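Structure, as C-alpha cells:
The values are calculated or read from the model by the stated rules, or taken from the named source; none is laboratory data. Worth saying up front: this structure is predicted, and the values here are computed from it rather than measured. Here the Cβ positions follow ideal geometry from the backbone for every residue, glycine too, while neighbour counts run over all protein chains shown. Calculation scope for accessible area: heavy atoms of the full protein, side chains included, ligands and nucleic acids excluded. Shrake-Rupley method; radii C 1.70, N 1.55, O 1.52, S 1.80 Å.
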Amino acid sequence: MWSGCHREWSACHREWSACHREWSACGSASTACQSAETLGRHFGLAGPGLLGVGGGAGSPNPYLFQHSTPLAVMASPLKLEQDVLGKVDSFRARIAQEAEDLVSTFFPQKLSELDSRVQELRLQDLSRIRSVPAPESLIAPESLITPDTAGDGPKRDPPPLQTQSSIKVLALPGGEGQLLRSNQHLVELIERVKPEIELLREKCNTVRMWVQLLIPKVEDGNNFGVSIQEDTVDQLWTVESTAASYLRRFSTYYNTRAKLVSKIVKYPQVEDYRRTVAEVDENEYLSVRQILLHLRNQYATLHDVILKNIEKIKTPRSTNTDNLY
C-alpha cells in the first residue's frame with residue numbers, strides 16, 4: 001500500500017514540474033514580447049501587434065505602417081542644397097588660399113619687421129622713459145614762522161600743531177584741477193604694440209581654421225597625420241590665448257600706476273612713491289619689449305613648424321598602404 005502511494009505522489013510531482021516549466025516559458029515569452037513592443041514604440045518601428053502580440057499572428061499592424069521610419073533612411077547622410085554646398089566650398093577655398101599665403105609670405109615678413117623694431121628698443125633707454133610727476137618744494141606757511149622759532153634765540157616750547165586744513169601744500173605744479181598725464185613714451189609704445197598683438201591673433205585664427213577644415217573624418221588606424229594636424233591646431237590656439245593675455249597686461253599697468261600717482265598727490269613728501277612709479281615704468285618698458293620678442297618668435301615658430309609638416313597637414317592620410325607592410 002505504501003509503494004502505491006509513493007508512485008502516485010511521484011506522478012503528481014512530475015505533473016507539477018511540467019506545469020511549472022510551461023508557466024516559466026510563458027512568462028519569459030510575455031516579457032520578451034513586451035520588451036520588443038516597448039523598443040518598437042520608442043524607435044517608431046512597431047506598435048500594438050508586434051510579433052503577433054495583441055493583434056494576433058500574421059495580423060497587419062497599422063501603427064507600423066503609419067509611424068515607422070526605415071533604418072536605411074535614418075542612416076542616410078544629410079542632404080544639403082546645392083547652393084549651400086557651393087558656399088561652403090567657396091569658404092574652404094578662400095580660407096585655404098589665405099592661410100597658405102600667410103604661412104609662406106606674411107609670417108616671414110612680420111618676423112623681419114618685428115625683429116627690426118625689437119632692435120630699436122634698446123635697454124639703454126630705461127632712463128629716458130621715466131616720467132614721474134615731481135611736486136613743488138614744500139613751503140611752510142608764514143603763520144608757522146614766529147619770533148619764538150626764528151633765529152638763534154633760546155629754545156622754547158613749540159606751538160601747538162595746526163590742523164591739516166590750515167596747511168596748504170601744492171602737491172604738483174599747476175595746483176588743483178591739473179591733469180596728471182600718463183607716461184607718454186610708454187603710451188605711444190603700447191599703442192604701437194597693441195595692433196601687432198591683435199593682428200597675430202587674427203592671422204592665427206585663420207590658419208587654425210584652415211588646418212581644422214583639413215582634418216578628415218574619424219577612422220581607425222593611419223591617424224599619424226591627423227595627430228600632427230591636432231598638435232598644430234593646439235599650438236595655434238595657445239598663441240591666440242597668450243596674445244589675449246598680453247592685452248590684459250596693459251590695463252593692469254595703467255591701474256597700478258594710477259594708484260601710485262594718487263599716493264604721490266596725497267603724500268608728496270614721500271619720495272618712495274615717486275621711485276616706485278619710476279620702477280613701474282621701467283618694468284613696463286621691459287615687458288613691452290619682451291612682448292615684441294614673443295610676437296617675433298611666434299611668427300618664426302609657426303612658420304617653421306607648418307612648413308616642416310605641410311605634407312602631413314594637407315594630406316594626413318596616405319592612399320598608398322603598401323608602405324605599411
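Please give the contour-minus-distance gain from Ala244 to Gln97: 0.36 nm per residue of separation, less the Cα-Cα distance, rounded to one decimal in nm.
50.3 nm
So how do 232-241, 186-195 stack up, highest first, on mean other-Cβ count within 10 Å?
Result, highest mean first: 232-241, 186-195.
Rounded to whole Å, give me the distance from the Cα center of region 203-220 to that of region 224-264.
For region 203-220 versus region 224-264, the Cα centre distance is 23 Å.
Thr301 versus Asn223, label points 7 Å from Cα toward the beta carbon: distance in nm?
2.6
Say the dipole of region 192-325 comes from +1 at the beta carbon of Lys and Arg and -1 at that of Asp and Glu; which of Ile306, Ile264, Gln235 then lies farthest toward its positive end?
Working it through, the farthest residue towards the positive pole turns out to be Ile264.
Return one whole number: the accessible area per residue of region 266-316 in Å², for a 1.4 Å probe.
Values: 2690 Å² over 51 residues.
Heavy-atom SASA per residue in region 266-316 reads 53 Å².
Considering the alpha-carbon set of region 168-310 alone, what are its Rg and its Dmax in angstrom?
22.7, 82
Highest first, please rank the peptides 261-271, 102-112, 80-90 by the mean number of other Cβ atoms sitting within 10 Å of their residues.
Sorting 261-271, 102-112, 80-90 by mean packing, highest first, produces 102-112, 261-271, 80-90.
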